Protein chains: 2
Amino acid sequence: MPSYTAPLDDIRFLLHDHLDLTRYNELRGFPDASPDVVDAILEEGAKLAQDVLQPLNRVGDTQGCSLENGVVRTPDGFKAAYETYTQGGWIGLSGDPEYGGQGLPAVLSLAVGEMMSSANMAFSMYPGLSHGAYSALHQHGTPEQKTRYLPKLISGEWSGTMNLTEPHCGTDLGLIKTKAAPQEDGSYKISGTKIFISAGEHDLTSNIIHLVLARLPDAPEGTRGISLFVVPKVLVNEDGSLGARNGVACGSIEHKMGIHGNATCLLNYDEAVGWLVGEPNKGLRAMFTMMNEARIGVAMQGLAQSEPAYQNAAIYARDRLQGRSLTGAKAPDKPADPIIVHPDVRRMLMSQRALNEGGRALLYWLALQGDIASRAQDAKAREAADDLMGLLTPVLKSYLTEQGFAACVDAQQVFGGHGYIAEWGMEQFVRDARIAMIYEGANGIQALDLVGRKLPANGGRAVFAFFGLIDRALKDSEGDETLKPWREGLVAARGDLEAATQWLMANAMANPDEAGGAAMDYLHLTALTALSYMWLGMVRTAVAKQAGGGAVGAAFYENKLKTARFFLDRVLPERTMRLARVKAGAGNLLALAADAF
Amino acid sequence: MPSYTAPLDDIRFLLHDHLDLTRYNELRGFPDASPDVVDAILEEGAKLAQDVLQPLNRVGDTQGCSLENGVVRTPDGFKAAYETYTQGGWIGLSGDPEYGGQGLPAVLSLAVGEMMSSANMAFSMYPGLSHGAYSALHQHGTPEQKTRYLPKLISGEWSGTMNLTEPHCGTDLGLIKTKAAPQEDGSYKISGTKIFISAGEHDLTSNIIHLVLARLPDAPEGTRGISLFVVPKVLVNEDGSLGARNGVACGSIEHKMGIHGNATCLLNYDEAVGWLVGEPNKGLRAMFTMMNEARIGVAMQGLAQSEPAYQNAAIYARDRLQGRSLTGAKAPDKPADPIIVHPDVRRMLMSQRALNEGGRALLYWLALQGDIASRAQDAKAREAADDLMGLLTPVLKSYLTEQGFAACVDAQQVFGGHGYIAEWGMEQFVRDARIAMIYEGANGIQALDLVGRKLPANGGRAVFAFFGLIDRALKDSEGDETLKPWREGLVAARGDLEAATQWLMANAMANPDEAGGAAMDYLHLTALTALSYMWLGMVRTAVAKQAGGGAVGAAFYENKLKTARFFLDRVLPERTMRLARVKAGAGNLLALAADAF
């Protein structure tokens, strides 16, 4: 069975050395996140993840959830673990103190979330979805709704869900059919069928707060006629106690490729009582304001599966004796050398490692932009951070889930035949990680969001700001011999991204299909450029901290530079392929008639 | 549930138009394979695959195999399907007529095998493994062994297995511990444990003929002390009737990520009676002579999963209404456009399609080299074909299984959330396809085989011959305006491959780790070059047949050219990345200490 050790050194390097949260003490909540507090939280979180959640990961996979008479049972041990989880106050780590949250930085919450998800993705989705419901209500709910629901979502006494998809529509929410009939008391009766509702029904909490997209009777067609409703599974009395069961029931749970420990439900709404959240017909907008947060969460899941997959592959590669090094026996006293001596095994391990470290840096940096966007005093600073979030969130959601999945596949490959056997646990990482490429907007949708919405928004303000950041980093590193290779890598990546951007500007206006055809490769090129930017910065930090004063041991910085080199030599060369594909245009995609496929 | 339609047009294009089997009538068996006979066989094979095997694919996945008291039961319907399969004489299609085979070309047998594997990978492994055992005995068995076992392996009355792996060794067969104790009557008593034995025990046949690697008492250590034995599950009397049960028993069956319908067994040999096949201590060599055949079979499995995954993704993309085309509604009378209008959906479908068509061309061409290598009159022709087989078999095994898996993942992605749900069947393609990257030599081993063994063999004779083939194709297409883009693509790919080959020659001698570090990227570059060579040839064939006389309809050739364009614009650009990685050297892989991972 796989093990998991929270990568505390790397997380501390990022939060303390590289991002240096203490520089952001003007942000609300950040003064409370002193390095000591951060370390204490990380260590407690690591214990919970390693000791409580991880041992349930395979149990959850093999048992799955069951549905009987409308009641969903989670796998053995999940309920006790959930109690431990909520008692630790983990759901409200970055939540609003007004409703019981601790108000700490979202970037810290993300780091904790990564550990939980690495230990047990299916389990951690339960509190994760509560967090989504919390955010929707926190941003768009009435004061009364907030008072009623937020404290119990934050404490974990109740959980939450997001209800968007219906059998005939997932991506195209304009097709939603679920109806909301207004009642005289100001409530609505919600009727319809929602599918793919993660954590839609379970036995962990006494109530589940569903956030549901539905149509008012007079709603315009399409996406402009969708409203958001809060629909508790059990109605809540005026005094906050639980009342009658509402008209929502779980009709079935899905048999899925992975995340078996999380119940994916079909929910039937039959005149369920709900209340409007936000303005009528503005439900999709309300959803979109939360999307960045949710998508960063999914990007994190990609990384979160890749990390333990990598760890276990590395352990196996050090232990498994098979064959001899091409340059002569490295363990002559043993019947064979450990397979980690083989360069091709190293290639797989280093790919995973470079993704984990680079992806984590980018992800945490982006989460910090989220903190700035929501907590900075200065409107300009908020806007700039929000622009970066908007631009890079779809990039990370798509890139990290795709590459995280690929890393899990590679980690499984290191195990040879044993990687294919369920008991070894490596194939579960692959199956679990697979969903992250699909949900919360399939990766192709992220690419379209990037080129169709985020890139042209405000005359390209976000991407120009991104180029500006890069240019500053290049200027700051000018003439530094140590940094030179990474600087050159970033110059090259920036050049390719600029060329691709110009190509898009020149071609996508005249023919939007050109934007669609270039989207995924442009996204990857953006990711590679952003990673180059991160690695240049990390190398700079590592070199500086080698002189002393760092948060982690000296060997760590040495190793960081080696992984940085691998990124430069083996990952970044992909950029030329991406640019070539962008420039190839959409003609080769559209030439074939639809019925010729 | 997914459907499958055998790609008969593409297969006929390859066998009739492109490879034109009638040109090879000097090869034994080929005169019997007239176009009419080939078509009749393909059509019958397609029916069997579509009507009998495919409907059992999901049954096999959900039921799996069960083990009770040493007896393995295959899923419902497998036994009846196996009877239909054997009655059709499919196992012996290219088998030796002396033992009941039909002696037809191996390339035709591969085409049929692809259809069977597309329809039901787990099922088709049972006869597939019999074929492997047949080949081992046919090449290395005594006349008596051949007479005893081959007719019943070919008829399917008995099945066969290959027993190589033990708990502590898969890749490194030098570590094998299973013992063979000589008996006075010339037989041996075999004792030991073998794992991962596909089709190792089942209820489809009355006997199972195990081919087992084991050590003689006086055997030298390592790979030079391994011998091959035939060990029937049930002893065979002199008259060919079945006698007592032999000392081999199934200890357990594995819980696997996929191919649930095929029993992967742990087999305990406890003084089981066996007989030596081939010379003592030359067992590995006997195995290696079959490796090309087995590895081409696994390469085929990668392609064989990708094909139906693609077909179903295309059907779904045409049916699923979601969103509108970026260039205006294409189905204004419907609530949304089918998702096939979106360039990014096309990108995924075209990738799969280009892989299937290009991979199939390369695979069939290589199988034809196998026919030449074993059936040509001329020793030089046999040698040249054998060289190409040796060089490109590891390339195809690794490339087609990796890209075939990736294509299944992409096809699943087209389905959005439904792709993750078991009932839709797309995730089964992903899980089933995954094993092909691992077994019959993990893909990293294929890459090492290529750069460490096949490339330097005979002073690089094989790769120079490969360059020679390319140069002839370039010469033959000189000045042809239609072929120009593909010609230029091949020139570029050839240039990159030559540069990579020179880099290897210059660096790998001095430091073998450089060969190991470059191996996988060199393999991909070889695959891209070989595919370029195939596409240039196919374009040439398609253009010629557009004028008339082709085996398939006119629209087919038109579409072939469009897919060829996609390959050129979107697949081939990967070559620059592969060359850059080769040239980056192994330093970035080996810098990190083993215990720093």
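The values are calculated or read from the model by the stated rules, or taken from the named source; none is laboratory data. On a predicted model such as this, the values are computed, not experimentally measured, just so you know. For neighbour counting, all protein chains shown are included, and Cβ atoms are generated from backbone atoms with ideal geometry for every residue, glycine included. Please note that ligands, DNA and RNA were not included when accessible areas were found on the heavy atoms of the full protein model with its side chains. Shrake-Rupley method; radii C 1.70, N 1.55, O 1.52, S 1.80 Å.
Taking every DSSP beta bridge that has both residues in chain B, what percent is antiparallel when rounded to the nearest 5? Show your work: numbers first, answer last.
On the way: 33 of 41 bridges.
If we restrict to bridges inside chain B, about 80 percent are antiparallel.
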Given a 1.4 Å probe and the protein chains all in place, what does the accessible area of A:M1 round to, in Å² to the nearest 10? 140
Let a ≥ b ≥ c be the square roots of the eigenvalues of the Cα gyration tensor of the protein assembly as shown; is it rounded (a/c under 1.5), or, if not, prolate (a/b larger than b/c) or oblate? prolate
Could you list which residues have their amide H under 5 Å from that of A:W158, counting only those 5 or more apart in sequence or on another chain, with H placed in the peptide plane? A:L153
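Classify the stretch B:210-263 as rounded, prolate or oblate from the Cα gyration tensor: take a ≥ b ≥ c as the square roots of its eigenvalues, call it rounded if a/c is under 1.5, otherwise prolate when a/b beats b/c and oblate if not.
The shape class here is oblate.
Ignoring ligands, DNA and RNA, please state the percent of accessible area on the stretch B:443-597 from carbon and sulfur, probe 1.4 Å.
Details: 3070 of 5720 Å².
Roughly 54 percent of what the probe reaches on the stretch B:443-597 is carbon or sulfur.
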Keeping every protein chain in place, order B:D333, A:D410 by accessible area at 1.4 Å, biggest value first, i.e. largest first. B:D333, A:D410
Table column - 3J(HN,Hα) (Hz), the stretch A:98-104, Karplus curve with 6.51, -1.76, 1.60, x for Gly and Pro: 4, 10, x, x, 9, x, 6
Of B:V451, B:H524, B:W535, which is farthest towards the positive pole of the stretch B:443-597's charge dipole, taken about the Cα centre with +1 and -1 on the beta-carbons of Lys, Arg and Asp, Glu respectively? B:W535
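Would you mind giving the average projected area, over all directions, of the Cα convex hull of the stretch B:8-152 in nm² with one decimal? It would help to have the intermediate numbers written out before the result.
Working: hull surface 39.5 nm².
Across all orientations, the stretch B:8-152 yields a mean hull projection of 9.9 nm².
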Which one of B:G29, B:F78, B:H18 has its Cα pushed farthest toward the positive end of the charge dipole of the stretch B:1-80, where Lys and Arg give +1 and Asp and Glu give -1 at the Cβ? B:F78
Taking a quarter of the surface of the convex hull around the Cα atoms of the stretch B:159-282, what do you get in nm²? 7.8
Taking every DSSP bridge whose two residues both lie in the protein assembly as shown, the antiparallel percent to the nearest 5 is 80
Working note, chain B: Cα radius of gyration (Å, one decimal) and Dmax (Å, whole number) are 24.2, 83
Mind listing the label-point distances from B:R23 to the same position on all other copies, shortest first, one decimal in nm, points 7 Å along Cα→Cβ? 6.5
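When the helices in chain A are scored as -39500 (n - 2.57) per DSSP H run of 4 or longer and the sum is shared across all residues, what 222 nm value do you end up with, to the nearest 500 deg cm²/dmol? Walk me through the intermediate numbers first.
Working: 18 runs with 306 residues, N = 597.
Rounded to the nearest 500, it is -17000 deg cm²/dmol.
Given a Förster distance of 22 angstrom, what is the FRET efficiency for B:A554 paired with B:L321, based on the Cβ-Cβ distance and rounded to 0.05? Let's see the in-between values first.
Values: r = 31 Å, r/R0 = 1.41.
It comes out at approximately 0.10.
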Between A:K177 and the same site in the other copies, what are the distances in nm, shortest first, taking label points 7 Å from Cα along the C-beta direction? 6.2
Can you give me the angle between helix B:574-584 and the longest principal axis of chain B, using Cα atoms only, in degrees from 0 to 90, rounded to the nearest 10? 60
Per residue, in Å², the accessible surface of chain B once ligands and nucleic acids are set aside, probe 1.4 Å: 34
So if I place +1 on the C-beta of Lys and Arg and -1 on the C-beta of Asp and Glu, and nothing else carries charge, what would the dipole magnitude of the stretch B:159-282 be about its Cα centre? I want it in debye, nearest 20. 300
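Step by step: find N for the stretch B:144-187, compute 2.2 N^0.38 Å, then divide the Cα radius of gyration by it. What's the final number? Numbers along the way, then the final one.
On the way: Rg = 14.8 Å, N = 44, 2.2 N^0.38 = 9.3 Å.
Its radius of gyration relative to the 2.2 N^0.38 Å reference: 1.59.
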Below 12 Å, Cα to Cα, which aspartates and glutamates can A:K189 reach? Residues fewer than 8 away in the same chain don't count. A:D270, A:E271
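Given the convex hull of the Cα atoms of the stretch A:407-460, what is a quarter of its surface area in nm²?
Numbers: hull surface 18.5 nm².
Taking the Cα atoms of the stretch A:407-460, their convex hull projects to 4.6 nm² on average.
Summing Lys, Arg as +1 and Asp, Glu as -1, what charge do residues with Cβ under 14 Å from the Cβ of B:A519 carry, B:A519 excluded? Don't skip to the end; give the middle numbers.
Values: positive: A:R346, A:R347, A:R570, B:K397, B:R453, B:K454, B:R578, B:R581, B:K583; negative: A:D344, B:E402, B:D449, B:D513, B:E514, B:D521.
Summing Lys/Arg as +1 and Asp/Glu as -1 gives +3.
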With no solvent and one equal point scatterer per Cα, compute the Debye intensity ratio I(q)/I(0) for the stretch B:284-441 at 0.12, 0.17 Å⁻¹ and report its log10, rounded to two decimals. -0.60, -0.92
State, to one decimal in nm and shortest first, how far the label point of B:K334 sits from each corresponding label point in the other identical copies (label point: 7 angstrom along Cα-to-Cβ). 5.8
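Write down the Å³ per residue value for the convex hull defined by the alpha carbon atoms of the stretch B:443-597.
Working: hull volume 20.9 nm³, N = 155.
For the stretch B:443-597, the hull spanned by Cα atoms encloses 135 Å³ per residue.
If you place +1 on the Cβ of every Lys and Arg, -1 on the Cβ of every Asp and Glu, and leave all else neutral, what size is the dipole of chain B about its Cα centre, to the nearest 20 Debye? Walk me through the numbers on the way to the answer.
Working: 55 positive and 68 negative charges, 227 e Å.
The calculation lands at about 1080 debye.
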So the angle from the long Cα axis of helix B:512-546 to the longest Cα principal axis of chain B, reported in degrees to the nearest 10, equals 60
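If you take the accessible area of A alone plus B alone and subtract the pair, what total do you get in square angstrom, rounded to 100, with a 1.4 Å probe?
Chain pair A/B: roughly 7800 Å² of buried accessible area.
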For the pairs A:K256/B:K560; B:K177/B:K256; B:K380/B:K475; A:K146/A:K282, note any where the Cα-Cα span goes beyond 29 Å. A:K256/B:K560
Can you give the angle from 0 to 90° between the axis of helix B:121-140 and the longest principal axis of chain B, with both taken from C-alpha atoms, to the nearest 10? 60
Simple spin-label estimate for B:K484 and A:V491 in nanometres, 7 Å along Cα-Cβ: 3.6
Given H placed on each backbone N at 1.01 Å, which residues far from A:Q322 in sequence or on other chains put an amide H within less than 5 Å of it? A:D337, A:I339
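Mind checking the dipole of the protein assembly as shown: about its Cα centre, +1 per Lys or Arg Cβ, -1 per Asp or Glu Cβ, Debye to the nearest 20? Please report the intermediate quantities before stating the final value.
Values: 110 positive and 136 negative charges, 322 e Å.
For the protein assembly as shown, the charge dipole is close to 1540 debye.
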Calculate the length of the line joining the C-alpha centroid of the stretch A:8-69 to that of the stretch A:89-138, in whole Å. 10
Per the rule of 0.36 nm per residue minus the C-alpha distance, extending A:R461 to A:S206 adds in nm 87.2 nm
